[in-house]
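The structure appears below as structure tokens.
The values are calculated or read from the model by the stated rules, or taken from the named source; none is laboratory data. Since the structure is predicted, the reported quantities are computational estimates derived from the model, not experimental observations. FYI the Cβ positions are ideal-geometry reconstructions off the backbone, even for glycines, and counts take in every protein chain you see.
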Amino acid sequence: MKIVVIIGPTGVGKTKLSISLAKKLNAVIMNADSMQVYRDLNIGTAKIKESEKEGIKHYLFDIADPREDYNIYKYQRDGRILLDKFQKENQNVIIVGGSGLYIKSLLYDYRFQEENTYNDFQKMSNAEILEEIKKHHETDIHINNRKRLVRELNKILNHNEIKSDIHKKLYEFKAIGLTIDRNKLYEVVDKRVDMMVKEGLVDEVRGLHRRGLYTKAIKTGIGYKEIYKYLDGEISLEEAIELVKKNTRHFIKRQYTFFKHQMKVNWITVNLENFNETIEKALKIIEK
């Protein structure tokens, strides 16, 4: 059994590579994007379309209602059930996504705290608490709202506090990271956001808005929280779109920082004009 992890920022070709490798390795694909687990969040999450799957079986997509708090603990539980099943069947697996902590919790010896604890974080400034929260997810909590900041960080730690050897692998795998020149990447991101808007991002969010769905998944999701502000009349559509682009760029920077320090990754500079070259490089890494 081979386990291949494909990581990288939005727009670099993770989905395209995952499909190509799945066909060559006779593999199934598992999602490792914390937003793509939710149903009805499609355009804003750049979720793979049915027409793009090419008959490959996909898992851990569309498994949670947007009202549900589908957290990292639940992802680890569901993901390991699948991995153990595939291991018994000697089924190759490709894990694809950009949520670093989800990937690490799945593949390394992460154990989560069972009992809730409370900390007032007296020795930490508001800025330090906010930065700690952003290591886990985006937030719209204002830096001066200490009460909400403290509550949110406690909530995160009660789900995510680790009491184990987080450097110990539970599964053998190879991680492939896709990257391109940063300026080129930002151009790709901007075009992608514009395409999402053309494909109906505003209507997608409006549908959630009308149903009263404003859960954590949407409040923290790039592409959703900004359009919600537009629909609530706080900003213009043009401002919302620019904010999506800006927040995506900031998220990409944090993604690169996480994977640089948290996991051994074989990085490939993507050739957007000749993607077959990227596929061949990935196959060489897998077969080493």
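Among the candidates Lys260, Lys264, single out the residue that is among the basic types (Lys, Arg), surrounded by fewer than 20 Cβ atoms within 10 Å (Cβ to Cβ), farther than 29 Å from Arg67 by Cα and free of Cβ contacts under 8 Å to residues at least 12 places away in the same chain.
Answer to the check: Lys260.
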Quick check: anything in the range 179-200 in a strand (DSSP E or B) and not aromatic (Phe, Trp, Tyr)? yes
Yes or no: the range 70-82 includes at least one residue that is touching a residue at least 40 places away in the same chain (Cβ under 8 Å), farther than 28 Å from Asp194 by Cβ and part of a loop (DSSP other than H, G, I, E, B). yes
If Leu41 meets every condition in (1) in a loop (DSSP other than H, G, I, E, B); (2) surrounded by fewer than 20 Cβ atoms within 10 Å (Cβ to Cβ) apart from one, which number is that one? (2)
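Here's the yes/no breakdown for (1) within 15 Å of the chain's Cα centre (by Cα); (2) under 21 Å from Leu201 (Cα atoms); (3) crowded, with 20+ Cβ neighbours inside 10 Å; (4) not basic (Lys, Arg):
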position: Leu25; (1), (2), (3), (4): no, no, no, yes
position: Asp33; (1), (2), (3), (4): yes, yes, yes, yes
position: Glu50; (1), (2), (3), (4): no, yes, no, yes
position: Arg77; (1), (2), (3), (4): no, no, no, no
position: Leu82; (1), (2), (3), (4): no, no, no, yes
position: Phe86; (1), (2), (3), (4): no, no, no, yes
position: Gly100; (1), (2), (3), (4): yes, no, yes, yes
position: Arg111; (1), (2), (3), (4): no, no, no, no
Out of (1) within 30 Å of Lys85 (Cα to Cα); (2) surrounded by 13 or more Cβ atoms within 10 Å (Cβ to Cβ), the odd one out for His167 is which? (2)
State whether one or more residues within the range 128-140 are without any contact (Cβ under 8 Å) to a residue 60 or more places away in the chain, within 16 Å of the chain's Cα centre (by Cα) and assigned to a loop (DSSP other than H, G, I, E, B). yes
Considering only residues of the range 216-245 that are among the hydroxyl-bearing types (Ser, Thr, Tyr) and touching a residue at least 40 places away in the same chain (Cβ under 8 Å), which is surrounded by the most Cβ atoms within 10 Å (Cβ to Cβ)? Tyr224
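Can you go through Glu152, Glu172 and tell me which one is within 30 Å of Ser18 (Cα to Cα), at pLDDT 80 or above and not β-branched (Val, Ile, Thr)? Please lay out each step first, then the result.
Working: Glu152 fails: within 30 Å of Ser18 (Cα to Cα).
Result of the check over Glu152, Glu172: Glu172.
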Return yes or no: is Leu101 modelled with pLDDT of 85 or more, under 22 Å from Leu178 (Cβ atoms) and not hydroxyl-bearing (Ser, Thr, Tyr)? yes
